[in-house]
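Please read the structure below before turning to the comments.
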Amino acid sequence: VKEICQNDAIENIRELISTYINDDCTWASTNLDLQNQRSYAVKSGANGLLDVSRQIYKGIIDDIINEIESLSQRHSLNLKHSYDSTRGFFIKLKRQGISDISELAPVFINKVVKKNYVEFTTLQITKLNARLDEVMSEIMLISEQIVRELLKEIVKKISVLFMIAEAVSILDLLSCFAYNSAENNYCIPEFSNKMVFKSARHPILEKFLKTFIPNDTVSIKESSAIQIITGCNASGKSVYLKQIAILNIMAQMGSPV
C-alpha cells in the first residue's frame with residue numbers, strides 16, 4: 001500500500017488538477033455559494049473567454065444588489081436580496097415591515113407571502129436574472145470543456161488510480177479488522193478440520209444487548225457432523241445458527257473473531 005501511494009503518477013495527477021482547478025473549490029451549502037463555486041472552479045487564466053464571462057457575471061450580480069439597495073432607499077423599505085436556483089435573485093421583506101402587501105408599490109411584482117417574509121421581484125431584476133442565466137451557461141460550457149481536457153490527461157494514468165483505490169480499500173479493511181479486534185477483545189482464529197468456538201459471541205447482537213451470554217460450539221466431523229437445535233419460540237435458535245455462520249465468514253475473510 002505504501003509503495004502504491006508513493007507512485008510518481010499521483011504527484012503528476014495532483015499537479016494537473018492544481019493547474020486547472022482552484023484549490024479552495026469545495027461543495028457549498030447555499031444555492032448562491034454553490035453557483036459561485038461552479039463559476040470559479042476553474043483557475044483564472046485557463047481561458048480568456050472564461051475570464052471575460054466571469055467579469056460580466058460579477059458585474060450583473062453587482063447590478064442586481066445595487067438595484068435592490070436603490071429600491072430599498074427609494075421606497076423606505078428594509079429590502080433584502082436572496083437567491084434561488086429556480087427563480088434566480090429576488091427580494092425579501094419581513095412581514096413585520098408591512099401591514100398589507102397591497103400597499104407595496106406597483107413596481108414590485110410576483111408577490112409570494114411566506115411565514116415570516118414577503119417575496120417578490122421587479123421587471124428590471126427579472127431581466128438581469130435572464131442575462132445572468134445566459135452568462136452562467138457560457139461559463140458552464142467553457143468550464144466543462146476545460147474539465148474534459150483535464151480528464152483526458154488524467155485518464156492516461158487511470159491504472160494507477162485503480163491501484164490506489166484498491167490499496168486504500170484494503171488498508172481500510174485491515175484497519176477495521178484491527179480496530180474491531182482491539183475494541184471487542186477478538187482473537188485470531190486457527191484453521192483445522194474441526195469447528196470449535198469457545199465463549200463465542202454474536203458480533204452484532206452483543207452491541208445491542210446489555211448482557212450477551214457467550215456460548216461454545218463444537219462440530220467434529222467424526223462424531224457430530226449433524227446437530228439438532230431445539231427450543232421454544234424466541235429462545236435464540238436462529239441467533240445461535242447465524243452466529244456460527246457469521247463467525248465462519250469473518251474468519252474466512254481474515255478478520256479476528
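Per-residue 3J(HN,Hα) values for segment 8-21, derived from phi via the Karplus relation 6.51 cos²θ - 1.76 cosθ + 1.60 with θ = phi - 60°, read 4, 4, 5, 5, 4, 5, 4, 5, 4, 4, 5, 5, 9, 10 Hz in sequence order (x marks Gly and Pro). Across segment 157-257, the fraction of Cα-Cα pairs farther apart than 19 Å, rounded to a whole number, is 54%.
For a quick check of your reading of the filter: which trypsin sites (Lys or Arg not before Pro) in segment 100-186 sit in a DSSP loop and have no more than 14 other Cβ atoms within 10 Å? Spell out each step's value before the answer.
Numbers: sites: Lys111, Lys114, Lys115, Lys127, Arg131, Arg148, Lys152, Lys156, Lys157; in loops: Lys114, Lys115.
Loop-located and lightly packed - Lys114, Lys115.
Read through the labelled values (1) 25.5; (2) 18.2; (3) 16.2 and report the label of the one computed as mean projected area of the Cα convex hull in nm² from the structure. Derived directly from the coordinates: (1). Of the listed residues Ile220, Ile229, the order by accessible area with a 1.4 Å probe, largest first, is Ile229, Ile220. Coupling constants for segment 39-45 follow from the phi torsions by the Karplus curve (6.51 cos²θ - 1.76 cosθ + 1.60, θ = phi - 60°), and in residue order they are 5, 10, 5, 7, 5, 5, x Hz; glycine and proline get x. Shown for segment 1-83: the carbon plus sulfur share of the solvent-accessible area, taken with all protein chains present and a 1.4 angstrom probe, equals 48%.
Between 0 and 90 degrees, the angle of helix 48-74 with respect to the longest Cα principal axis of the chain falls at about 70 degrees. By how many degrees, 0 to 90 and rounded to 10, does the Cα axis of helix 158-184 deviate from the longest principal axis of the chain? Roughly 60 degrees, rounded to the nearest 10. Think of it as helices only: each DSSP H run of n ≥ 4 in the chain is worth -39500 (n - 2.57), and spread over all residues that comes to -17500 deg cm²/dmol at 222 nm.
Starting from the Cα of Lys156, draw a straight line to each of the lysines and keep only those under 26 Å, dropping any in the same chain fewer than 8 residues away. Cross-link targets: Lys2, Lys43.
Sorted on the mean count of surrounding Cβ atoms within 10 Å across their residues, most packed first, peptides 76-85, 56-65 read 56-65, 76-85.
Give the whole-number value, in cubic angstrom per residue, of the convex hull volume spanned by the C-alpha atoms of segment 3-80. Can you show the working numbers first?
Values: hull volume 7.6 nm³, N = 78.
Taking the convex hull of the Cα positions in segment 3-80, it is 97 Å³ per residue.
The angle separating the long axis of helix 237-252 from the principal Cα axis of greatest extent in the chain is about 80 degrees. Rounded to the nearest whole Hz, the Karplus-based 3J(HN,Hα) values (6.51 cos²θ - 1.76 cosθ + 1.60, θ = phi - 60°) of segment 203-209 follow the sequence x, 9, 5, 5, 6, 9, 8, with x at glycine and proline. Taking 0.36 nm per residue of separation and subtracting the current Cα-Cα distance, fully stretching the chain between Lys194 and Lys221 would add 9.0 nm. Averaging Cα coordinates gives a centre for segment 162-225 and one for segment 1-54; these two points are 43 Å apart. Once the C-beta distance of Gln145 and Lys115 is scaled by a Förster radius of 51 Å, the resulting FRET efficiency is 0.75 to the nearest 0.05.
The values are calculated or read from the model by the stated rules, or taken from the named source; none is laboratory data. No experiment lies behind these values; they were computed from the predicted model shown. Cβ atoms come from the backbone with ideal geometry, glycine included; neighbour counts cover every protein chain shown. Surface accessibility is based on the protein's heavy atoms, side chains included, excluding ligands, DNA and RNA. Shrake-Rupley method; radii C 1.70, N 1.55, O 1.52, S 1.80 Å.
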